[in-house]
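Undergrad: One structure is given below, represented as structure tokens, and several questions about it will come after.
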Amino acid sequence: MSFDAANLLPILPEIAVLVTASTVLVLDLYLEERNKGLNHSLSLLGLVVALLLTGFVGGGETQILFDGNLVRDAMSDLLKGAILVVSLLAFIYARPWLKDRGMLVGEFYVLGLLAVLGMLIMVSANSFLTLYLGLELQALSLYALVAFERDSKRGAEAAMKYFVLGALGSGMLLYGISMVYGATGSIELGPVAQAIAEQGMSNKVLVFGIVFMVIGIGFKFGAVPFHMWVPDIYEGAPTPAVLILGSAPKIAAFALAVRILIDAMQGLHADWRDMLVILAVLSMGLGNLVAIAQSNIKRMLAYSTISHVGFIFLGLLAGSDQGYAAAMFYSIVYAVMATGAFGILIILSRTGFDAERLEDLKGLNDRDPWYAAMMALVMFSMAGVPPTVGFMAKLLVLEAVVRIDMVWLALVAVFFSIIGAFYYLRVVKYIYFDKPAEDAPVLATTGGVRVAMTFNGLSLLALGMFPAALLTLCQSAFV
Amino acid sequence: MNLLFVVLIPLMGAGLTAWISRFGRLWSAWMAGLVALAALGCLSPSVLAAFGGETLIQRWPWIPELGLELAFRLDGLGLAFTAMVLGIGLLVILYARYYLSERDDMGRFYAFLLLFMGSMLGVVLAENLILLLIFWEMTSLSSFLLISYWRHEEEARNGARMALAVTGFGGLAMLGGFLLLGEMVGSYDLSQILQAGDQVRADPLYTPMLVLILLGAFTKSAQFPFHFWLPHAMAAPTPVSAYLHSATLVKAGIFVLARLFPVLSGTIEWNWLVVGTGLTTLLVGAWFALFQHDLKGLLAYSTISHLGLITLLFGLGTPLAAVAGIFHVLNHATFKASLFMAAGIIDHECGTRDMRRVNGLWRYMPYTATLAMVAAASMAGVPLFNGFLSKEMFFTETASFLAEHPMGWLLTVAVAFAGIMAVAYSLRFSHDVFFNGEPVNLPRKPHEPPFWMKAPVEILVAICLVVGILPALTVAPLLQVAAASLLQEPPPSYDLAIWHGFGLPVVMSGVALIGGLVVYAERRPLFEIADQLKGRLDARAVFDHLLARLYTFARAVTGVLDRGSLQRLILLLLLSAIGLGLAGAIGSGSPLTGERPRMPIDGVTLFIALALALVSGATLLLHRLRLTALIVMGAIGLMVSLLFVKFSAPDLALTQLTVEVVTVVLLLLALYFLPARSPAESPLWRRLRDLGLALAAGGGAGALAWSILTRDYDPISDYFLANSVPGGGGHNVVNVILVDFRGFDTLGEISVLALAGLGIYAMLFKLHLPGPMHNPLGRPWNWDRHPDIMAALARLLLPLALLVSVFIFLRGHNQPGGGFIAGLVTAAALIMQYLTNGVAWTHRRVSSNMHPLIAAGLLVATGTGLASLVLGYPFLTSTFTHVHWPVVGDFELASAMIFDLGVYLVVVGSTLLILVHLGLMHSASHTPAIEAMRGTAWKS
């Protein structure tokens, strides 16, 4: 159990984020009110450094670190990069909102960075222990972020619900982990997979373990019927918090699913596949259907998330390398889309006003054609309209499902995405065809936000037309 | 290389056109024309090869992972459609330049138009089904933009949305169909798919695949019952209608039918579905066309009818019918585009398109009238015009299709009826508009349009005439290669001559012409019937109704599931978990109970278990009497510690006991602020529901525990038992684990404890909460807070308790005990002083500042770890030695004990910090003490 400093090299990105978080935490104590912007700059700097470091230490052979507790492989490289990029965008969008409300304080950045750290750890976890640690670090930071607007009753209620349900969800996952540990005698993914290959399905405890793990994964993803927290939290939490918790954590949740279901439990594919089928169909169905009835756009996006989770599950349950790569592609793409959507909501908000009804998007084209175009791109991409990347993501997943002869599932998915197209198009209609409200002021926005949003929106188009690069990276994670 | 650029040039040109419009509105028109010409020029090198019957396929790598390439294909069929898209596109660009008014943003218009043109070229040139689908959806999207071009008009917005909803739906259905088709063949490449017709038709999934693809094609080509979006799309500017709704967009569905004709056709399903849909559409379109008062509405329904005709031809499945179909595609494109343009001119010059007001225009614009009437004659199928030729072929094919079938004549009659209606509505277009009295109340005085606005119409009408009179010299070569590549084999011989000799088709044409005249002459009663039928057969109402139903259903589901109550959320969460767990339990083959031999049940264990159950139940029943419930809860703790004793874990028992004491104190302090009785809030059904849920969840957890405990497992305790003495120098394994094997853990834990203490301190600092002064019965609390006897006894107990804690601490390494328990004992003893003697009294003797204590503990613990690092061992390595004390005898000293001392200090400090500050929070306990302090200060 001796310590080897070489272990530290591959986790430099995590260390960079941790150092940034700690620095902001301490520095914030000594900053005057007017200098609080330094927190922001420092956080961005930290994320950029972490991103560069990810590129620097990434690539090459898989490395197992810290006595088998962490791993650095092709998947962790890509997902870390994606998480960092998405978080960068999120922090950039969040700044004006925080500044307007005098909430540009260190805590937001510390919690956000710690959540990012948790996600990075989840992505590189190679044992149930580290996986769970990362998950909880992320979850606890997010609970606090949801309650960040302390005077908001709705925020407090949302945080309470999130915490109670989140604790239950984590509990289920932990329950499953403990059972798998009991059945296999290990918490490292490799040995667990080995033990499962030896004993197969003969062990009831293992079956229960996988059931509870799937429940935990379903909960963290927000899949039906474990989706209940999603709409309430999306609606109640301040938009910057939703921005953070609605985007990158989906990538981390994907990593959670891959590490548990594939790295450790590939041998039980037949068992978890059926459960995922149920969750996927329910998620796509309920998510798309209920989203239609929403008049609050944050709630609508919450249900849209749920339906997209169904699609991610489709790729996972295919059980083929192609399916996993498709699901990975989908998760990353979804995170980018969600960031864009909530980013626009933040841009539309101003002091004393939070854009959250569908009507608040009315006439966005008259107020700012560029942002309107970007939001339209995001919506088309979510609806899966070519040539945006949303179409490619759906296509890849459906291809994988058809390839394993689950044609009916693909048809169900297509059917529900037709229903889904309705509510995305309704948003486009509000943006382009309706007149803005009488009292809607000119959108005040900064150059940084505009650049970020442009990058965000156009990347959906560019990735849709040239998906090969990202797809190659996704596939290399599952060879 | 060129095919890719044929598609890319318009797409790229769209951006350029939009940008260049800032230099002047006409710039964009010129630019658009240039771009279309460039695309045409780019295509030209390949035209000859395609005419020669070659199939050009050009590929660029795109998404190798999916086996997808940017592959384009130019053959006869593609050439025919490309010619239509580019040729009519150029004419429309010219026409729109004069059609659009000063107020319209030309840059936007032409950009959208080029976007559409590029997408459409992509559809007809794609070699790959997925690529085709992408461009297909892009045509939906860009047509949405074009239809909603005048977005200030409600009608345009609704029409555009409806078109997008219907065609978008079809596109997704087609995606499903294409995925299936690709899976059957193993490739999405058309060149492979077109060879695999037999394999596809034999596939068990043929029918669903066919239905999905047809859904896509039919929605796009406005087939019944999806036809309703087309009339509503007439809200678009007329150049858009001339382009999209005659030659291109609506022909995309037909194109897919033609493209996949060799693969999909030839089955009974194909015949029924396609012929049935085509025939219905033909009749519905022809019937409604006559009764439109809007000029463009008439053209829209006639387009629907003609699209039905073409679909019907493809549905027949014979090679000749397919040839006729593709021929009619070309003819329809020319005459319908010119008719739309003429309608646009009339609209432009008169300011209205209402045929009840637009009459007798012959006198104002004879030239335009001639052009329009020629095109209308072609639409009616009058000889010497191109429409006649393909219609004649159509009559021939339908007449022979069901010739053997006893009811076959019905098809012939239906088709002849459609022909009659076609003549009738063409007549109406000509007669009603250009003759039939005087214009009624027009907003503008009509006159001939500018020359260049007529030019496109002239060109198209000229084509109608030349093709109609000299088919063999004009269209024949193109038709030949198009038919060959459509059928993927040399087409059967057919004759394009105007006169084939006397036969059933000629009779049908004659019946149609005469019947049409009669119907138009006697149209008044028919209009009355149509007015009565109006609103009943309105598919838009059905569409709106379905949409409304969907919304209602979605709201209902939301209302049931999405209430935002946390209890409900937890209920559903637990139910789902239990459900999935049950599924897992039933689903897998292995039994619940494992093979491990059961241990006998002994009396003590049984008693403790029963007592635990009993006490837990009692807590549940008494939970609204908070104080009582707390006392009963204490009993649970005691039972648990008894259980530990039974299973030979005295350390745990001791810890449980001391923790229990401290917890009770903590709870008592918090309880003070709560009402002594909590009200009963939930109704009975709810409690019963919760009882059921609790039983299910508890039962589930019990079953899980049972399944685990009845199986053999490999405990890790053996390792610790074997290594405790040699590795850690202690016989108390629990303590050795805490301070040695898992010393790092413990260091972390005491840091957390210290942090928690500081956190609570920070939150409670200077916080005062008003506590109740009375008990629930209204009696004031006992004001004699510190009874003397109790205070004296507690003081007596203090040294004893401290002695016990030192004893426990010292023996900890080898016997039950240790720093943690000792710390709790000390803390409990000190708390007792606070409780019995008061804060003020105690603070005069014990410092109220616990921070140094905690800091010292953490420092000591960390220092131990660092010391081993300094000596060259890993962090927190421990060592031990034996010393001989004069009185006690042999005594073991382990470095781990210093670490344990750190634990002890932190536990004492943190526990006191938390409890004392919780106690200080409410006024009742310490006000007198503070008053006393104040009093002394005041007196002195």
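The values are calculated or read from the model by the stated rules, or taken from the named source; none is laboratory data. Just so it is clear, the model here is predicted, and its values are computed rather than measured. Positions of Cβ are backbone-derived with ideal geometry, glycine not excepted, and every protein chain shown enters the neighbour counts. All accessible areas refer to the heavy atoms of the entire protein, side chains included, with ligands and DNA or RNA removed. Shrake-Rupley method; radii C 1.70, N 1.55, O 1.52, S 1.80 Å.
Undergrad: Six or more apart or on different chains, Cβ atoms under 8 Å: show the pairs whose first residue is in segment B:105-130 and touching a residue at least 40 places away in the same chain (Cβ under 8 Å) and not assigned by TED's automatic domain parsing to the domain that holds B:Val7 and whose second is surrounded by fewer than 24 Cβ atoms within 10 Å (Cβ to Cβ) and of a type in the set (A, V, I, L, M, F, W, C).
TA: none
Undergrad: Among what's in segment A:150-201 and is open to solvent by 30 Å² or more (accessible area, probe 1.4 Å), among the basic types (Lys, Arg) and in a helix (DSSP H, G or I), pick the residue that is farthest from the other protein chains (Cβ to nearest Cβ).
TA: Top of the filtered list is A:Lys153.
Undergrad: Kindly provide the set of residues from segment A:53-74 that are in a helix (DSSP H, G or I) and surrounded by fewer than 16 Cβ atoms within 10 Å (Cβ to Cβ), ordered by number.
TA: Scanning segment A:53-74 gives A:Gly55, A:Phe56, A:Asp67.
Undergrad: Okay, next question. Got a number for residues in segment B:44-61 being more than 43 Å from the chain's Cα centre (by Cα) and not in a helix (DSSP H, G or I)?
TA: The number of residues fulfilling the criteria is 3.
Undergrad: Related question: In this structure, is B:Thr593 facing chain A (nearest Cβ under 9 Å), open to solvent by 30 Å² or more (accessible area, probe 1.4 Å) and among the hydroxyl-bearing types (Ser, Thr, Tyr)?
TA: Here the answer is yes, as B:Thr593 does meet what is asked.
Undergrad: Which of (1) at pLDDT 85 or above; (2) within 14 Å of another protein chain (Cβ to nearest Cβ); (3) open to solvent by less than 40 Å² (accessible area, probe 1.4 Å) does B:Gly617 not meet, given it meets every other one?
TA: Condition not satisfied by B:Gly617: (2).
Undergrad: Looking only at helices (runs of 4 or more DSSP H) that fall completely inside segment A:299-400, which ones have 2 or more residues that are touching a Pro at 6+ places or on another chain (Cβ under 7 Å)?
TA: A:364-367
Undergrad: Within segment B:94-109, can one find any residue that is in a helix (DSSP H, G or I) and of a type in the set (D, E, K, R)? Spell out how you get there, then give the answer.
TA: Narrowing segment B:94-109 to residues in a helix (DSSP H, G or I): B:94-99, B:106-109.
Subset that is of a type in the set (D, E, K, R): B:97, B:108.
Yes, some residue in segment B:94-109 is in a helix (DSSP H, G or I) and of a type in the set (D, E, K, R).
Undergrad: Which residues, taken from segment B:141-152, are within 10 Å of chain A (Cβ to nearest Cβ), surrounded by fewer than 23 Cβ atoms within 10 Å (Cβ to Cβ) and of a type outside the set (A, V, I, L, M, F, W, C)?
TA: Once the filter is applied, which keeps residues that are within 10 Å of chain A (Cβ to nearest Cβ), surrounded by fewer than 23 Cβ atoms within 10 Å (Cβ to Cβ) and of a type outside the set (A, V, I, L, M, F, W, C), segment B:141-152 yields B:Arg151, B:His152.
Undergrad: Next up: Within segment B:730-739, identify whether any single residue is within 14 Å of chain A (Cβ to nearest Cβ), part of a helix (DSSP H, G or I) and surrounded by 13 or more Cβ atoms within 10 Å (Cβ to Cβ), and answer yes or no.
TA: Within segment B:730-739 (the criterion being within 14 Å of chain A (Cβ to nearest Cβ), part of a helix (DSSP H, G or I) and surrounded by 13 or more Cβ atoms within 10 Å (Cβ to Cβ)), the answer is no, since none of the residues qualifies.
Undergrad: For segment B:97-117, state whether one or more residues are in contact with an Asp or Glu (Cβ under 9 Å, 6 or more places away or on another chain), surrounded by 23 or more Cβ atoms within 10 Å (Cβ to Cβ) and either farther than 23 Å from B:Ile213 by Cα or not aromatic (Phe, Trp, Tyr) (or both).
TA: no
Undergrad: With respect to B:Ala424, is the statement that it is open to solvent by less than 40 Å² (accessible area, probe 1.4 Å), touching a Phe, Trp or Tyr at 6+ places or on another chain (Cβ under 6 Å) and among the small types (Gly, Ala, Ser) true? Outline the logic, then answer.
TA: Values: open to solvent by less than 40 Å² (accessible area, probe 1.4 Å): yes; touching a Phe, Trp or Tyr at 6+ places or on another chain (Cβ under 6 Å): yes; among the small types (Gly, Ala, Ser): yes.
Answer is yes for this residue.
Undergrad: Which one is nearest to A:Ile418 (Cα to Cα) among residues in segment A:262-284 that are open to solvent by less than 10 Å² (accessible area, probe 1.4 Å) and modelled with pLDDT of 90 or more?
TA: This residue is A:Met284.
Undergrad: Restricting to segment B:256-299, and then to whatever is part of a helix (DSSP H, G or I) and hydroxyl-bearing (Ser, Thr, Tyr), can you tell me which residue is surrounded by the most Cβ atoms within 10 Å (Cβ to Cβ)?
TA: Residue satisfying both the conditions and the ranking: B:Thr281.
For every residue, the table says whether it meets (1) of a type in the set (Lys, Arg); (2) under 25 Å from B:Ser485 (Cβ atoms); (3) within 14 Å of chain A (Cβ to nearest Cβ); (4) out of contact with any Ser or Thr (no Cβ under 6 Å at 6 or more places or on another chain).
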site	(1), (2), (3), (4)
B:Arg97	yes, no, no, yes
B:Asp105	no, no, yes, yes
B:Phe109	no, no, no, yes
B:Leu113	no, no, no, yes
B:Gly118	no, yes, yes, yes
B:Leu121	no, yes, no, yes
B:Leu133	no, yes, yes, yes
B:Thr139	no, yes, yes, no
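Undergrad: Related question: Please determine whether any residue of segment B:433-447 is hydrophobic (A, V, I, L, M, F, W, C) and open to solvent by 60 Å² or more (accessible area, probe 1.4 Å). I'd like the intermediate steps shown before the answer.
TA: Here is the first cut: in segment B:433-447, the ones hydrophobic (A, V, I, L, M, F, W, C) are B:433-435, B:440, B:442.
With open to solvent by 60 Å² or more (accessible area, probe 1.4 Å) added as a condition, the list becomes B:435, B:440.
Yes, segment B:433-447 contains a residue that is hydrophobic (A, V, I, L, M, F, W, C) and open to solvent by 60 Å² or more (accessible area, probe 1.4 Å).
Conditions tested, residue by residue: (1) assigned to a loop (DSSP other than H, G, I, E, B); (2) modelled with pLDDT of 90 or more; (3) over 25 Å from A:Pro386 (Cα atoms); (4) within 12 Å of another protein chain (Cβ to nearest Cβ).
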residue	(1), (2), (3), (4)
A:Arg426	no, no, no, yes
A:Ile431	no, no, no, yes
A:Glu438	yes, no, yes, no
A:Pro441	yes, no, yes, no
A:Ala452	no, yes, no, no
A:Gly457	no, yes, no, no
A:Leu463	no, yes, no, yes
A:Ala469	no, no, no, yes
A:Gln475	no, no, no, yes
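Undergrad: Consider segment B:473-488. How many of its residues are without any contact (Cβ under 8 Å) to a residue 24 or more places away in the chain and either in a loop (DSSP other than H, G, I, E, B) or surrounded by 17 or more Cβ atoms within 10 Å (Cβ to Cβ) (or both)?
TA: Number satisfying all stated conditions: 0.
Undergrad: For the condition in contact (Cβ under 8 Å) with a residue 12 or more places away in the chain, outside any helix (DSSP H, G or I) and either in contact with a Leu (Cβ under 6 Å, 6 or more places away or on another chain) or away from chain B (no Cβ under 14 Å) (or both), what is the one hit in A:Val224, A:Val258, A:Val211, A:Val242?
TA: Details: A:Val258 fails: outside any helix (DSSP H, G or I); A:Val211 fails: outside any helix (DSSP H, G or I); A:Val242 fails: outside any helix (DSSP H, G or I).
Answer to the selection: A:Val224.
Undergrad: Checking the conditions here, which among A:Ala335, A:Ala325 is under 18 Å from the mean Cα position of the chain (by Cα) and either farther than 21 Å from A:Leu243 by Cβ or open to solvent by 10 Å² or more (accessible area, probe 1.4 Å) (or both)?
TA: Going through A:Ala335, A:Ala325 in turn, just one is under 18 Å from the mean Cα position of the chain (by Cα) and either farther than 21 Å from A:Leu243 by Cβ or open to solvent by 10 Å² or more (accessible area, probe 1.4 Å) (or both): A:Ala325.
Undergrad: Further question: If I go through segment B:797-840 residue by residue, how many of them are in a helix (DSSP H, G or I), within 18 Å of B:Val665 (Cα to Cα), open to solvent by less than 70 Å² (accessible area, probe 1.4 Å) and of a type outside the set (Val, Ile, Thr)?
TA: Adding up the residues that qualify gives 13.
Undergrad: Mind listing just one residue for me: the one in segment B:168-200 that is among the aromatic types (Phe, Trp, Tyr) and closer than 19 Å to A:Val385 by Cα and, of those, nearest to the other protein chains (Cβ to nearest Cβ)?
TA: To start, the set of residues in segment B:168-200 that are among the aromatic types (Phe, Trp, Tyr) comprises B:169, B:178, B:188.
Now narrow it down to the ones that are closer than 19 Å to A:Val385 by Cα: B:169, B:178.
Values: B:Phe169: 5, B:Phe178: 10 Å.
Looking at the filtered set, the residue picked out is B:Phe169.
Undergrad: Here is a further query. Which condition breaks for A:Lys298 when tested against (1) within 14 Å of chain B (Cβ to nearest Cβ); (2) farther than 30 Å from B:Ile586 by Cα; (3) open to solvent by 10 Å² or more (accessible area, probe 1.4 Å); (4) charged (D, E, K, R)?
TA: A:Lys298 satisfies all of (1) within 14 Å of chain B (Cβ to nearest Cβ); (2) farther than 30 Å from B:Ile586 by Cα; (3) open to solvent by 10 Å² or more (accessible area, probe 1.4 Å); (4) charged (D, E, K, R) except (3).
Undergrad: Within segment A:397-413, take every residue that is open to solvent by 10 Å² or more (accessible area, probe 1.4 Å) and within 27 Å of A:Ala469 (Cβ to Cβ) and give me the one that is nearest to the other protein chains (Cβ to nearest Cβ).
TA: A:Arg403
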